[in-house]
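Okay, so here's the structure we're looking at.
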């Protein structure tokens, strides 16, 4: 479908600096667009070929065709690797949009969850995993038994890059500084509470900020990220105080069982604190800090905005969030 690819890639190209020789965008097809995308992701001809199950020689031929059609080197040797040209970097996001649009032409106009075998790739922070994914998967098993969910593990700060590269469909996250190029929708708001063993003397005590900081704390830092600590540390900064951290965990997994048999405390989202109080002998308490509510959001790339399958998934997430 060269005509469609030409329109999508040409739109928005800078009017300055005409290229020589002129670009022959009307001759681009979907296979060449995929080759360009693979080359940009891998920055290596052999690995790009492996990504598309092509031989190195076939990928080299595709690169030569792309260079001829676009009038640019696109990738240039840099040591043992390849470095994209300025034009390649400008074209890459438009090529990805064109690929997504062309692939949508082969999708059913209507998405039928009952017969779909779609695979959705998600990043879900463990807090949301505990709260929402049991009901999400229950709904999927009921409505779309052929649909599969692949949950990826990565630093929450990297999800935007993965979406831009087409490697991720949806992220459910608490991340206040999401990249500007992604789209998002609020699932719910939450706030932080303290959590400790039911027998802990903190319950019912008149807790001030210094006393709170002096307690032995468990903090959650997934993949060296501070997403769960930013608010609390910022609220403590005017007091010139920091928490006495006794233990750092990468996830909330097993946290209530650690707390119920110790004198340590943790600061956790309120919805999770309520869930954990049903799992172990722990109880929530109010923090002596004036903390704002924070939003948990689902985030996606604009290229999936009008995909019937992705629209269905996002609506399912919204429905499950209402019960979280």
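Numerical summary
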{"read-out": "Within the stretch 195-225, tally of residues that are within 27 Å of the chain's Cα centre (by Cα) and either surrounded by 13 or more Cβ atoms within 10 Å (Cβ to Cβ) or within 18 Å of residue 276 (Cβ to Cβ) (or both)", "value": "7"}
{"read-out": "Residue 315, sole failed condition from (1) surrounded by fewer than 16 Cβ atoms within 10 Å (Cβ to Cβ); (2) closer than 14 Å to residue 120 by Cβ; (3) in contact with a strand residue (DSSP E or B) (Cβ under 8 Å, 6 or more places away or on another chain)", "value": "(3)"}
{"read-out": "Test for residue 28: is it in contact with a helix residue (DSSP H, G or I) (Cβ under 8 Å, 6 or more places away or on another chain), at pLDDT below 90 and surrounded by 20 or more Cβ atoms within 10 Å (Cβ to Cβ)", "value": "yes"}
{"read-out": "Unique residue being in contact with a helix residue (DSSP H, G or I) (Cβ under 6 Å, 6 or more places away or on another chain), surrounded by 19 or more Cβ atoms within 10 Å (Cβ to Cβ) and not in a loop (DSSP other than H, G, I, E, B) when the list is 88, 98", "value": "98"}
{"read-out": "Residue match in the stretch 138-145 (condition: in a helix (DSSP H, G or I), surrounded by 14 or more Cβ atoms within 10 Å (Cβ to Cβ) and at pLDDT below 95)", "value": "no"}
{"read-out": "Spans of strands (runs of 3 or more DSSP E) in the stretch 262-324 with at least 2 residues more than 22 Å from residue 203 (Cα to Cα) and in contact (Cβ under 8 Å) with a residue 12 or more places away in the chain", "value": "294-300"}
{"read-out": "Subset of the stretch 118-137 [surrounded by fewer than 20 Cβ atoms within 10 Å (Cβ to Cβ) and assigned to a loop (DSSP other than H, G, I, E, B)]", "value": "118"}
{"read-out": "Those residues of the stretch 235-249 which are surrounded by fewer than 13 Cβ atoms within 10 Å (Cβ to Cβ) and part of a loop (DSSP other than H, G, I, E, B), in sequence order", "value": "240, 242"}
{"read-out": "Exclusive hit being at pLDDT below 95 and surrounded by 15 or more Cβ atoms within 10 Å (Cβ to Cβ), set 301, 306", "value": "301"}
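The values are calculated or read from the model by the stated rules, or taken from the named source; none is laboratory data. Predicted model only: the values in this text are computed from it and were never measured. Methodologically, a virtual Cβ is constructed for each residue, glycine included, from the backbone with ideal geometry; neighbour enumeration extends over all protein chains shown.
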